[in-house]
Amino acid sequence: MGERLRLGVGIMGNASSLLLYAAPILTFSRVIRKRSTEDFSCIPYIGALLNCLLYTWYGLPVVSYKWENFPLVTINGLGIILELSFIFIYFWFASTRGKIKVGVITTPVILVSCIIAIISAFVFHDHHHRKAFVGTVGLVASVAMYCAPLVAVKQVILTKSVEFMPFYLSLASFLASVLWLAYGLLSHDLLLASPNLVGCPIGVLQLVLHCKYRKRGIMEEPSKWDLEQNSQEKPKQMQFVMNENINEKELKNTA
């Protein structure tokens, strides 16, 4: 019963993490449409990439015992593909300064992941020590991933707008934290559970900010639309007045 419950929670954790990793699709469809990264930050996606790389390795039989953590491999393997895609799109449409920033942060992330994989495979010779080593580094990476949205949280508080902190990303982050916390506890694996003790309150904070500022964000759009509408109607009104003046002059001349 306990194993089935753990597997069930792992499957739900996969589903919530899929939403988390796929949520930026809406953000990047906007980036592609506007051909600009605007004020979006690349840090959350690079942090998520590091997390996916480490936990994919953690779940493989090299580190874990056989396939005990198979759910980690499936979702984080997919996460690697998605995060690399988002980072590439961000890099493509970023400014020169933004491209440099992406390269400077992403390159060390990939190098660190490779070094950790090599050390865990060749320095440690049993699953227990490999899990302890990779899990500890993964713990730091997970905390960094969950803390990365604080950059967006700061911007939300300063601008009082949730435009650059997508709701679905915040909701998926909270759900993933709760479910992986449960999975880690059911697996008696504190290295899996611990990062989510940080992720849960940060997810709650993001949802609270959405509740507080989302109405303001909705109100801003109509006013912007009204301004655009007015700017389009104004030339029409001027043209109408000019036509009236011309008609009056023609009537006087005929009289």
Open item on the list: What do you get for trypsin sites (Lys or Arg not before Pro) in region 27-121 restricted to DSSP loop and a cutoff of at most 10 other Cβ within 10 Å of the site's Cβ?
Closed with: 35, 66
Task: Solvent exposure, largest accessible area first (probe 1.4 Å, DNA, RNA and ligands not counted), of 7, 181 - done: 7, 181
TODO: Quote the accessible area belonging to residue 88 in square angstrom, nearest 10, computed with a 1.4 Å probe and with ligands, DNA and RNA left uncounted.
DONE: 120 Å²
TODO: For region 11-28, just list the computed ³J(HN,Hα) in residue order, Karplus coefficients 6.51, -1.76 and 1.60, θ = phi - 60°, integers in Hz, with x standing in for Gly and Pro.
DONE: 5, 5, x, 4, 5, 5, 5, 4, 4, 5, 6, 8, 4, x, 4, 5, 5, 7
Open item on the list: Can you compute 3J(HN,Hα) from phi for each residue in region 114-123, using the Karplus curve 6.51 cos²θ - 1.76 cosθ + 1.60 with θ = phi - 60°, rounded to whole Hz and x for Gly and Pro?
Closed with: 5, 5, 5, 5, 5, 4, 5, 7, 10, 8
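Could you put 168, 45 in order of accessible surface area, largest first, with the 1.4 Å probe and the full protein assembly present? Don't skip to the answer; put the middle values down first.
On the way: 168 145, 45 20 Å².
Descending order: 168, 45.
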- [ ] Can you tell me how much longer the chain between residue 32 and residue 3 gets when fully stretched, taken as 0.36 nm per residue apart minus their C-alpha distance, in nm with one decimal?
- [x] 6.1 nm
TODO: Report the full-extension gain for the segment residue 107 to residue 121: residue separation times 0.36 nm, less the Cα-Cα distance, to one decimal in nm.
DONE: 2.9 nm
Task: Segment residue 211-residue 128, extension gain: residue separation times 0.36 nm, minus the distance between their alpha carbons - done: 25.5 nm
- [ ] Obtain the radius of gyration and the Kirkwood radius of region 1-220 from its C-alpha atoms and give Rg over Rh.
- [x] 0.99
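The values are calculated or read from the model by the stated rules, or taken from the named source; none is laboratory data. Keep in mind it's a predicted model, so treat the numbers as computed, not measured. Cβ coordinates were reconstructed from backbone atoms using ideal geometry, including for glycine residues, and neighbour counts include every protein chain displayed. The area values use the complete protein model at the heavy-atom level, side chains included, leaving out ligands, DNA and RNA. Shrake-Rupley method; radii C 1.70, N 1.55, O 1.52, S 1.80 Å.
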